[in-house]
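Bear in mind these aren't lab numbers, they're just calculated from the coordinates by the rules spelled out. Quick caveat, the model's predicted, so the values are computed rather than measured. Every residue, glycine as well, gets a Cβ built from its backbone with ideal geometry; the counts of neighbours run over all protein chains shown.
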Amino acid sequence: MTSNTDTNAISVSNLCKSFGARTVLKNLDLTVSSGESLGLFGANGAGKTTLIRILATLTRITSGEVTIHGMNLNRNGSNIRRVIGMVTHENLLYGDLTGYENLQFYARLYSLKDYKKQIHQLTERLKITNELNEKVRTLSHGTRKRFDIARALLHNPRILLLDEPETGLDSETFETLAELLDSHKSTGGSSIMTTHNVERGLSISDKVAIISRGRISYEARKDSLDSETFLKRYSDLAGDLN
């Protein structure tokens, strides 16, 4: 497989992942171009979260090849982690630290110099400035999720991995997230967002894919997508796995 760093932010070829005797991903192929957002759909257990964790270098592959901006996943884990921002079901914040202390910790982890300005801009945009000095464990679920989004964007990652990030988000916050993703894409950033919410997933995607039986079973550009056909295909495949 040839990896083109100018066009492919993510390249996955013949990816397999097994946990003991259970195979979750089987010969999965996927590419995401620079400046492209992918909406990834699939039933519970289809392998969406496993794929996201592999791309985030949190789970090792069984076989296959994965490159992130030309960097091999197995050999360049630390460099890859510096170009990735991740939002999952559960926030990656420390409950006994304030919102500001959490963001400051991650800023220093990434050796950011002018992080105070970046924290101010992100928290203003996400409307959480007034909660900066509150301990995270005292905040509502929605506010914690906003801080987690700020954390993921703080170091201006080239790739965003979003595993059902809309869980617990109100419409206003999701619209803000969509705007942030648009800004990220306008600078050449790429993203993968897994979701069960077809309407929200389609709204932020350039391309959609459905994962089932460990493979990408359907893929289409949104601008050439027949939404009715997609909904039926998604329903059929998700139902097959439930």
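Scaled to the compact-protein estimate 2.2 N^0.38 Å, what is the alpha-carbon radius of gyration of the range 143-183, rounded to two decimal places?
Rounded to two decimals, the normalised Rg is 1.08.
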Review point. With labels modelled as points extended 7 Å from the Cα through the Cβ direction, what inter-label distance (nm, one decimal) is found for HIS120 paired with ARG75?
Key: 4.3 nm
Point to revise | Residues SER212, SER186 arranged by fewest to most Cβ contacts within 10 Å | key: SER186, SER212
Revision key, fill the gap. Fewest-first ordering of LYS117, LYS135, LYS185 by Cβ atoms within 10 Å yields LYS117, LYS135, LYS185
Study note, to complete from the structure: Calculated from DSSP helices alone, with each H run of at least 4 adding -39500 (n - 2.57) and the total divided by the residues of the chain, [θ]222 nm to the nearest 500 comes to -10500 deg cm²/dmol
Point to revise | All-pairs Cα distance distribution in the range 167-242, expressed in whole percent, bin size 5 Å | key: 3, 13, 24, 23, 17, 14, 5, 1
Review point. If the range 96-242 were replaced by its equivalent ellipsoid, with semi-axes equal to the square roots of 5 times the Cα gyration tensor eigenvalues, what would those be, largest first, whole Å?
Key: 33, 16, 13
Point to revise | Calculated over the range 1-100: convex hull of Cα atoms, volume per residue (Å³) | key: 139 Å³
Check your understanding: Tell me which lysines have Cα within less than 27 Å of LYS117's Cα, excluding those fewer than 8 residues away on the same chain?
Key -> LYS127, LYS135, LYS145, LYS185
Exercise for review: Grab the Cα-Cα distance for LEU97 and ASP182, subtract it from 0.36 nm times how many residues apart they are, and report the gain in nm with one decimal.
Suggested key: 27.6 nm
Review point. What residue among ILE68, ILE210, ILE54 shows peak mean-square fluctuation when the chain is described by a Gaussian network model with Cα springs under 10 Å?
Key: ILE54
Review point. Angle, helix 115-125 long axis vs. longest principal axis of the chain, Cα atoms, 0 to 90°, nearest 10?
Key: 70 degrees
Point to revise | the chain, dipole about Cα centre (Lys/Arg Cβ +1, Asp/Glu Cβ -1), debye to the nearest 20 | key: 920 debye
**Study point:** On Cα atoms only, tilt of 227-241 relative to the major axis of the chain in degrees
**Key:** 80 degrees
Point to revise | Candidates per GluC sites (Glu not before Pro) in the range 60-102, loop by DSSP, up to 14 other Cβ within 10 Å | key: GLU90
Revision key, fill the gap. Going fewest to most other Cβ atoms within 10 Å around each Cβ, THR23, THR195 line up as THR23, THR195
Check your understanding: Assuming R0 = 30 Å, what is the FRET efficiency of GLU172 and ALA21, from their Cβ-Cβ distance, to the nearest 0.05?
Key -> 0.10
Revision key, fill the gap. Here, trypsin sites (Lys or Arg not before Pro) of the range 21-63 satisfying both criteria (DSSP loop; at most 11 other Cβ within 10 Å) are ARG60
Review point. Which aspartates and glutamates, on any chain, are close to LYS17 with Cα under 20 Å apart, when same-chain ones fewer than 8 places away are left out?
Key: ASP29, GLU65, ASP163
